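Okay, so here's the structure we're looking at.
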Amino acid sequence: MDLLKEPWLPVVLDSQQQRKISLSDILDNQIRDLACPRADFQGAAWQLLIGLLQCTVAPEDGDDWQEVWQQGIDSQQWQRSLATVSSAFQFGAEKPSFLQSFEPLETSDKTIAGLLIETPGEQTLKQNKDLFTKRNVGRQICPHCAALALFTIQTNSPAGGAGYRTGLRGGGPLTTLVMPEDASLPLWKKLWLNVLPGTAQPQPDKLALIFPWLAATQSSEKKGSQVTPQNSHPLQLYWGMPQRIELDFSQTQQGECQLCGEYHSELLSQMRTKNYGVQYDGWVHPLSPYRQALKDKGGLWLALKGQPGGLCYQDWLGLTLTSEDKFNLTQPAKVVRELSNYYGLPPTYLWCFAWDMDNAKARCWYQHRVPLIHSDEQQQLADVLTTVLQLADNARLLLKKWLKEAWFSSPGEVKGSFGWLDNAFWQQTEGAFRRLLPYLQHDPARAKPGTRQALRQWEQALSGYLFDQFDREAFTDPDSDNQTLSRQLAARGKLERFYFTHKLRKEVITLASEPEAEDVAK
């Protein structure tokens with residue numbers, strides 16, 4: 001199967017009809033979005049198409065990028081460029097085959113369901129712990145879904161035991177794609193928002209440095225065998241292959257694919273895997289935000305990962321502006337930083353998604369639509385928002401601390417998770433933050449009375465939530481004895497004292513105050 005010519009990728013047209021296209025068809029202006037059968041396939045397929053554009057028709061500079069945005073990609077250039085990489089997009093029993101080991105793997109067969117990240121492992125099945133993630137799912141997969149599954153697992157590759165390498169960004173990386181608010185724009189334009197200028201285009205004799213399945217695997221049994229941007233090609237970051245996988249195309253059967261539900265005459269059911277695949281080191285992926293420990297400035301940048309509970313508005317700043325807290329410096333994805341170099345773009349937001357992984361165990365898939373935070377005074381905006389968000393975070397911690405004091409006579413001995421309080425806090429205070437954000441974006445210096453008033457209203461909403469939530473959670477038992485009630489009232493009094501005298505609250509009140517005359521003059 002030639003992925004450049006075979007209609008295998010499901011899409012949605014402007015008529016809301018669905019059909020399948022080949023990779024060479026993505027410039028069709030009627031296509032609005034992908035329509036993959038799983039959320040993680042959808043996110044991976046977007047990255048696949050961005051990587052394809054980046055490797056074939058990437059603009060030379062910002063002006064070239066802008067010209068394509070306005071006029072489109074020349075169809076003849078597109079076909080010529082695809083022809084140069086066609087050998088990398090063959091999928092089937094004959095090698096090389098898309099994202100599979102170049103050399104045969106002499107290992108025992110496994111079910112092809114192992115391509116799905118959430119598939120329970122042997123130990124989980126033996127202990128009968130697959131309560132939410134069921135066994136026997138995805139055991140018969142059509143070739144179209146198998147190609148998507150391969151790209152998905154290679155991109156998100158989690159830790160899986162000795163020698164089983166994680167993806168180029170680590171296991172379960174957070175991906176942030178720039179998306180237009182106008183959903184009616186054609187798919188290629190949405191993809192183009194995430195294509196970077198200035199990337200060196202592949203030479204025919206160097207394709208194996210970009211697409212590692214075109215040559216023998218750079219295996220990682222020995223130390224010093226890591227693949228880096230210096231000893232390969234920078235574009236390999238779109239096509240990482242940490243796992244050695246070989247699908248079995250010799251044993252197929254007809255029937256319905258257990259993922260997409262479509263009938264296919266050659267469903268795949270078996271594969272082989274082997275450890276010590278490609279080990280990546282020193283890469284920074286342009287579609288992910290990164291953090292660096294402040295104590296290690298100038299050192300290692302780590303891609304942000306999916307976390308329990310997903311993203312909350314506390315995370316937005318680091319996804320859209322370079323920001324710093326007491327532990328880390330966080331930098332947005334390169335495609336986000338690049339936006340400031342373009343003009344005439346439609347309103348945009350960030351589509352953020354990731355698997356939350358606990359080593360090899362997939363706990364949850366999260367995706368969010370996050371507003372892009374921007375201003376002509378980026379640093380000033382980042383400073384104000386950092387103070388606002390730090391106060392919110394400290395208010396959350398105070399609420400948890402004094403609620404436990406109200407609930408329990410010995411709160412330090414209480415075990416268990418109180419994460420539900422965190423989730424409720426961020427979800428129920430997000431509306432107030434969203435109302436404040438536009439004011440600060442347009443006036444980070446708080447020169448206008450309306451901005452200062454919005455800041456005061458935000459603090460009032462925060463404190464209002466804090467004490468309303470405490471009262472709802474603490475004073476719930478009408479049969480409480482005097483000792484319990486006394487403990488609850490004492491905890492509430494401490495919450496009031498600690499919150500209203502908090503240093504960060506005083507800083508926010510100062511930010512919301514009318515600026516001094518000398519500050520206005522500046």
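The values are calculated or read from the model by the stated rules, or taken from the named source; none is laboratory data. Treat the numbers as computed from the prediction; the structure is a model and nothing was measured. Note that we place each Cβ from the backbone using ideal geometry, even for glycine, and neighbour counts take in every protein chain shown. We work out accessible area using only protein heavy atoms, side chains counted, and drop any ligands, DNA or RNA first. Shrake-Rupley method; radii C 1.70, N 1.55, O 1.52, S 1.80 Å.
Determine, from the Cβ-Cβ distance of residue 5 and residue 467 and an R0 of 60 Å, the FRET efficiency 1/(1 + (r/R0)^6), rounded to the nearest 0.05. Taking R0 as 60 Å, the efficiency between residue 5 and residue 467 is 0.40.
Using the Karplus relation 6.51 cos²θ - 1.76 cosθ + 1.60 with θ = phi - 60°, the per-residue 3J(HN,Hα) values for region 276-289 come to 6, x, 5, 10, 9, 8, x, 9, 10, 7, x, 9, 10, x Hz, with x marking Gly and Pro.
Please list 89, 102 in order of solvent-accessible area, largest first, computed with a 1.4 Å probe with all protein chains present. Walk me through the numbers on the way to the answer.
Working: 89 0, 102 80 Å².
Descending order: 102, 89.
DSSP loop GluC sites (Glu not before Pro) in region 151-249 with at most 16 other Cβ atoms within 10 Å of their Cβ, which ones? Answer in residue order: 181, 221.
Between residue 485 and residue 87, the modelled labels are 8.3 nm apart [label points 7 Å from Cα along Cα→Cβ]. Here is the size of region 370-453 from its Cα atoms: Rg then Dmax, 16.8, 52 Å.
May I ask you to give the percent of accessible area on the chain that is carbon plus sulfur, with a probe radius of 1.4 Å? Numbers along the way, then the final one.
Details: 11630 of 24810 Å².
About 47 percent, which is the carbon plus sulfur part of the accessible surface.
Seen from residue 97, the other residues with C-beta closer than 13 Å to its C-beta sum to a net charge of -2, counting Lys and Arg as +1 and Asp and Glu as -1.
When the residues 144, 442, 374 are ordered by accessible surface, computed with a 1.4 Å probe over the protein chains alone, the sequence from largest down reads 442, 374, 144.
Based on Cβ point charges of +1 for Lys and Arg and -1 for Asp and Glu, what charge dipole magnitude is obtained for the chain about its Cα centre, in debye rounded to the nearest 20?
On the way: 53 positive and 59 negative charges, 274 e Å.
Roughly 1320 debye for the chain.
Between the C-alpha center of region 1-65 and that of region 151-218 there is a gap of 13 Å.
About its Cα centre, how strong a charge dipole does region 276-324 have in debye, to the nearest 20, once Lys and Arg get +1 and Asp and Glu get -1 at the Cβ? Provide the component values of the computation, followed by the final result.
On the way: 4 positive and 4 negative charges, 11 e Å.
In debye, rounded to 20, region 276-324 gives about 60.
Can you tally the net charge around residue 509? Count Lys and Arg as +1, Asp and Glu as -1, for every other residue whose Cβ sits under 9 Å from the Cβ of residue 509.
On the way: positive: 456, 505, 506; negative: 459, 507.
Residues near residue 509 contribute +1 overall.
With the dipole of the chain worked out from charges on the C-beta (+1 for Lys and Arg, -1 for Asp and Glu) around the Cα centre, which of 188, 137, 65 lies farthest toward the positive end? Towards the positive end, the residue furthest out is 137.
When a/c reaches 1.5 or more, the comparison of a/b and b/c decides; with that in mind, is region 277-398 rounded, prolate or oblate per its Cα gyration tensor? The partial results should precede the final answer.
On the way: a/c = 1.35, a/b = 1.16, b/c = 1.16.
The shape class here is rounded.
Taking 0.36 nm per residue of sequence separation and removing the Cα-Cα distance, the residue 248/residue 397 pair yields an extension gain of 48.4 nm.
Near the amide H of residue 305, within less than 5 Å, lie the amide hydrogens of 174, all on another chain or at least 5 residues away, with H placed in the peptide plane.
At 0.36 nm per residue, minus the direct Cα-Cα distance, what do residue 108 and residue 442 gain on full extension? Give it in nm, one decimal, please.
Details: separation 334, 0.36 × 334 = 120.24 nm, distance 6.09 nm.
Taking residue 108 through residue 442 to full extension adds about 114.1 nm, to one decimal.
Extending 7 Å from the Cα toward the beta-carbon at both residue 74 and residue 377 defines two label points whose distance is 4.6 nm.
Our summary of shape: the Cα atoms of the chain have principal axis extents of 76, 61, 51 Å, ordered from largest down, in whole angstrom.
Remark: accessible surface ordering of 60, 118 (largest first) is 60, 118, probe radius 1.4 Å.
Can you compute the helix-only [θ] at 222 nm over the chain? Use -39500 (n - 2.57) per DSSP H run of at least 4 residues, normalise by all residues, nearest 500 deg cm²/dmol. Numbers along the way, then the final one.
On the way: 15 runs with 190 residues, N = 522.
Value at 222 nm, helices only, nearest 500: -11500 deg cm²/dmol.
Using all pairs of distinct alpha-carbon atoms, the Kirkwood hydrodynamic radius of region 421-491 works out to 14.3 angstrom. Here's how it looks for residue 328: its modeled amide H is under 5 Å from those of 294, which are all 5 or more places away or on a different chain.
Spin-label model, residue 222 to residue 496: label points 7 Å out along the Cα-to-beta-carbon direction sit 7.2 nm apart.
Summing +1 for each Lys or Arg and -1 for each Asp or Glu among the other residues whose beta-carbon sits under 14 angstrom from that of residue 267 gives -3.
Ligands, DNA and RNA are left out, and with a 1.4 angstrom probe the accessible area of the chain is 48 Å² per residue. In terms of distances greater than 28 angstrom between alpha carbons, the cross-link table entries 274/361; 297/401; 295/503; 448/506; 326/361 yield 297/401; 326/361. The H on the amide N of residue 140, modeled in the peptide plane, is under 5 Å from the matching H of 258, each at least 5 residues off or on a different chain. Here the dipole of region 203-287 is about 460 debye; that uses its Cα centre as origin and unit charges on the Cβ of Lys and Arg (positive) and Asp and Glu (negative). Sequentially through region 440-455, phi angles give Karplus couplings (6.51, -1.76, 1.60; θ = phi - 60°) of 5, 5, 8, 8, x, 7, 6, 6, 8, x, x, 5, 5, 5, 4, 5 Hz, Gly and Pro residues having no value and appearing as x. Note that region 90-106 has calculated 3J(HN,Hα) couplings of 8, 9, x, 6, 7, 8, x, 10, 2, 6, 10, 4, 5, 8, x, 9, 8 Hz, one per residue in order, obtained from phi through the Karplus relation 6.51 cos²θ - 1.76 cosθ + 1.60 (θ = phi - 60°); glycine and proline are x. Placing a label point 7 Å from the Cα of residue 434 along the Cα-to-Cβ direction, the residues of region 307-345 with a backbone N closer than 12 Å are 313. Ranked by the mean number of other Cβ atoms within 10 Å of their residues, highest first, the peptides 443-451, 196-204 fall in the order 443-451, 196-204.
Going toward the positive end of the dipole of the chain, with +1 on Lys and Arg Cβ and -1 on Asp and Glu Cβ, which of 349, 154, 398 do you reach last? So the residue we want is 398. The length gained by stretching the chain between residue 183 and residue 295 to full extension, at 0.36 nm per residue less their Cα-Cα distance, is 36.1 nm. On the basis of the beta-carbon distance and an R0 of 45 Å, residue 420 and residue 337 show a calculated FRET efficiency of 0.80.
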